[in-house]
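In what follows, a structure is listed as structure tokens, so that the remarks can point back to it.
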Amino acid sequence: MSSLFVTGTDTEVGKTVISTAVMEYLQKQGKRVVGMKPIASGCDVTEQGLRNDDAVAIQQQCSKPIEYETINPYAFEPAIAPHIAAKQVGVEIDITYIQRQFCVLQQDADAVIVEGAGGWFVPLNDELTMADLAIRLGLPVIVVVAIKLGCINHALLTIQAVEQSGLPIQGWVANSIEQNPQAQEIISTLKQTIPVPCLGVVPHLSSIEKASDYLNLGEG
């Protein structure tokens, strides 16, 4: 299993739940796995600096201790689009710098799981989007689909956009972020219409369930 880039059909679709689940899935196979949340908005002010809950979750799932700033090079306090947050503090998001941090993480790991921010075309600055970062890193992509009203259209558009980028798609994950009586019909339609493998159907989890138990990445 190579390193992977995790994107989603939108914000708040459970990318971190699936990213950490992918990390745990690979760790169960004996692999050394680390993660990265290159850009995070909605950070808390702490004594150690700005901290994002998603990036902290990824840090805690890593197979070895990693400095927070390596996992999350760009942290912004407002919970707004990254390019707007960056402008507010006079920062230019540099994907070359992110790539260097990614290479640091790669040095002693079997896989690096990189979680994007928002959806595939979230802007990073006036010229680049999250898609450009994924292309620069050259990683296969996992698409997280939140099972809710409207997700079929969002999923198909996202899959199409990733395909057009030229990056390979490892597959997609159905993530049941809410109770939905039509969930099974929606997932069935997605399986019929998305031309890449479904890597897992994660139900609306209880506090003791692990999302990694519902994944099948085709490895091992």
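Below are the figures for this structure:
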{"item": "Test: residue in the stretch 11-25 that is of a type in the set (A, V, I, L, M), surrounded by fewer than 22 Cβ atoms within 10 Å (Cβ to Cβ) and closer than 21 Å to Ala131 by Cα", "result": "yes"}
{"item": "Yes/no for Gly150 being at pLDDT below 95 and surrounded by fewer than 22 Cβ atoms within 10 Å (Cβ to Cβ)", "result": "yes"}
{"item": "Residue satisfying condition, being within 18 Å of the chain's Cα centre (by Cα) and among the β-branched types (Val, Ile, Thr), within set Val104, Val91, Val33, Val45", "result": "Val33"}
{"item": "Members of the stretch 27-49 found to be without any contact (Cβ under 8 Å) to a residue 60 or more places away in the chain, surrounded by 13 or more Cβ atoms within 10 Å (Cβ to Cβ) and closer than 25 Å to Val122 by Cβ, listed by number", "result": "Gly42, Cys43"}
{"item": "Where Ala79 falls short, out of the listed (1) of a type in the set (Gly, Ala, Ser); (2) touching a Cys at 6+ places or on another chain (Cβ under 9 Å); (3) not in a loop (DSSP other than H, G, I, E, B)", "result": "(3)"}
{"item": "Residues (within 27 Å of Tyr25 (Cα to Cα), modelled with pLDDT of 95 or more and either among the polar types (S, T, N, Q) or part of a helix (DSSP H, G or I) (or both)) located in the stretch 107-131", "result": "Met130, Ala131"}
{"item": "Residue within the stretch 110-120 that is of a type in the set (Asp, Glu), within 17 Å of the chain's Cα centre (by Cα) and buried (at least 22 other Cβ atoms within 10 Å of the Cβ) present", "result": "yes"}
{"item": "Looking only at the stretch 173-217, and only at residues there that are assigned to a loop (DSSP other than H, G, I, E, B) and of a type in the set (Gly, Ala, Ser), the one that is modelled with the lowest pLDDT", "result": "Ser207"}
{"item": "Neighbours by Cβ (under 7 Å, 6+ apart or cross-chain): first from the stretch 162-177, at positive phi; second buried (at least 18 other Cβ atoms within 10 Å of the Cβ)", "result": "Gly171/Ile142; Gly171/Leu199"}
{"item": "Matching residues in the stretch 178-209 - criterion: being over 21 Å from the mean Cα position of the chain (by Cα) and touching a residue at least 40 places away in the same chain (Cβ under 8 Å)", "result": "Thr193"}
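The values are calculated or read from the model by the stated rules, or taken from the named source; none is laboratory data. Note that the structure is a prediction, hence the values are computed from the model and not measured. Using ideal geometry, Cβ is built from the backbone for each residue, glycine included, and neighbour counts are taken over all protein chains shown.
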